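**Q** Here it is: the structure, laid out below.
The values are calculated or read from the model by the stated rules, or taken from the named source; none is laboratory data. Please read these numbers as outputs of a predicted model, since none were measured by experiment. Don't worry about glycine lacking a Cβ; one is built from the backbone with ideal geometry, like all the others, and counts go over all protein chains shown.
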Amino acid sequence: MVFPGKRSTGCHVCRKRKIKCDGAKPECQHCISRGMQCPGYPDPLTFREYRMTRAAVRDRRQSKMTTVGQEKEQPDLDAAPTDAQPQRALSEPPPSPTISSPKPRTGPALSLEWQAICYFTHHHVLKVHKSPCRGFLAFFPELYKEKGDDSCLKHAVLSVASLSLFNVSRIGQLYVNSRRHYGSAIKSLYNALKSNETAVTDEVFAASLFLNVFADLSGETSDGLNPHIPGTHSLLQLRDKSQLNTKYGRELFGWAITQVQTQAIANNEFRYATLPECIRKMYKPDNIYRAGIIMDMVAQQCHSISEMRATLSNPETPYPSPSSLPSPLPSTAPTYTITCGIIHRLLIQAHCLIDEIDIWHEAVPNHWKVQYHDVLTNDTTGVKRDQWTTCFLATILSTQIIFYTQLIDFCDLLTEKEIAFDHAHCFEGPVDLFHGLEARIHLLLRMICSTVSFSLGKLHEDGKFQASSNSKLVNGYVLRLPMRIVVGSRFASGGQVALCHGALDYVRDRDGEWINSRGVSLYE
């Protein structure tokens, strides 16, 4: 019996599995993360038998044989003359050292934080070649490797990663970690915003977007606007051309389209979907920036329509309808003329926006267009889709549904109020400006539902939703708002509503209770 010296401080399970243990007491984090009971730690003063390995026994025998040989040669060496000893030492080769094969190294057990980051990267980072911004958060691994030391970005990422893993594992420590990192991220972001130089950096803007994701995954904003969107919108307004031309500037902007603009428009908070002047007036913007500019125009147009609808719906609005105008006109006639002029100008702007939308659809790359080849041509042969491009396009198409729906309701209100557009007040009426808006909406609904069927799953004949084998968490997260817009649209068919309802329920059961399956109201 010998005392083995310093032994491993790991628990019995970690020692048996030959992995590094953090030594936390009473239970180590490795056992907690796997939902098993930690058996505890061995007594460090316990004596145990020392069993030599085969390699150690072989080395010991060789050392003994070498020692015996040296003892036998020692008398001859002593009897030899002194001047011959150096020559003998040079003529004999040095004894070769015993080489033992290295033992396989066992990697240390990942902490909960690294497990959460690995889980988030695997399920929420989607890399697709020849897709918008190379995929969803395709830049995240490289950004976190370069900027991970920034406290603001680090805590924001860890809060989202821990919460994402908690939603499926229900490990209480993960929820505690997510809330702790969330508070630290907000504090770090507050300190970063004190300086204009740090406020416009990529890591601060990315941290703000990650906080948006945290609020979404926590389920606290299922019925309203994400509380971090106003702050993220303000940071976006601070970014100029120098920030847009950074290594991650374009991809961060593409993320902001799906994270900020879409949600702001869906919640009728149109002011938070606007873009800074440097982007609006960008010379020859690419497809990503052009998509954001189109959504900016949609937000401004919807905001103007919403305000005018509120004005016309107010019974105290000081203007008469043309059917009640006596001759000569009363004192409210100038107000009526001004109102008609504003409405006419608003409808002209809507007509121009529709033209811009059509131009954008024609100008997108071919590998974007083929995503909906089967919907546009009813030809399902040779359709090549990817998991990200369809989701990115669905977010943009959903905002166009909101715009067309609000425009239809606005024209119906004009008809109800009997507002005429004669030559005394303006030149054209709404009937001459808009045709086929409902057909546009039906096509967009089909395109979004086609994306849901490809990315998440389909409905069986019995009406049950069957999930797709290649769906990822990111697909359900990005498509949550487009699906809710389909559910809330009065133009959607029963099958389309059932498909999106089933997909939303599937995402909620798979990813946690954070998602809301109710439809989005398309106008105030």
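**Q** Go through the range 464-495 and count every residue that is modelled with pLDDT under 90 and part of a loop (DSSP other than H, G, I, E, B).
**A** The total comes to 6.
Residue-by-condition table, conditions (1) over 30 Å from G476 (Cβ atoms); (2) at pLDDT 65 or above; (3) in contact with a Lys or Arg (Cβ under 6 Å, 6 or more places away or on another chain); (4) not assigned by TED's automatic domain parsing to the domain that holds S398:
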residue	(1), (2), (3), (4)
N314	yes, yes, no, no
T317	yes, no, no, no
L329	yes, no, no, no
T332	yes, no, no, no
C340	yes, yes, no, no
E356	yes, yes, no, no
T377	no, yes, no, no
G382	no, no, no, no
Q387	no, yes, no, no
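**Q** Tell me which residues, restricted to the range 149-167, are over 14 Å from N212 (Cα atoms) and under 17 Å from the mean Cα position of the chain (by Cα).
**A** Residues satisfying the conditions are K154, S162, L165, F166, N167.
**Q** Can you tell me how many residues within the range 175-203 are under 13 Å from H228 (Cα atoms) and among the hydrophobic types (A, V, I, L, M, F, W, C)?
**A** Of the residues in that region, 3 qualify.
**Q** Filter the range 349-398 for residues that are part of a helix (DSSP H, G or I) and charged (D, E, K, R); which is surrounded by the most Cβ atoms within 10 Å (Cβ to Cβ)?
**A** The residue in question is D374.
**Q** Within the range 259-271, work out how many residues are surrounded by fewer than 21 Cβ atoms within 10 Å (Cβ to Cβ) and at negative phi.
**A** Matching residues across the range 259-271 total 3.
**Q** Check S184, S164 and return the single one that is surrounded by 15 or more Cβ atoms within 10 Å (Cβ to Cβ), within 23 Å of T262 (Cα to Cα), touching a helix residue (DSSP H, G or I) at 6+ places or on another chain (Cβ under 7 Å) and not charged (D, E, K, R).
**A** So the residue among S184, S164 that is surrounded by 15 or more Cβ atoms within 10 Å (Cβ to Cβ), within 23 Å of T262 (Cα to Cα), touching a helix residue (DSSP H, G or I) at 6+ places or on another chain (Cβ under 7 Å) and not charged (D, E, K, R) is S164.
**Q** Considering each of S162, S184, S188, S234 in turn, give the residue that is more than 20 Å from R480 (Cβ to Cβ), in contact with a Cys (Cβ under 8 Å, 6 or more places away or on another chain), in a helix (DSSP H, G or I) and polar (S, T, N, Q).
**A** Only one candidate qualifies: S188.
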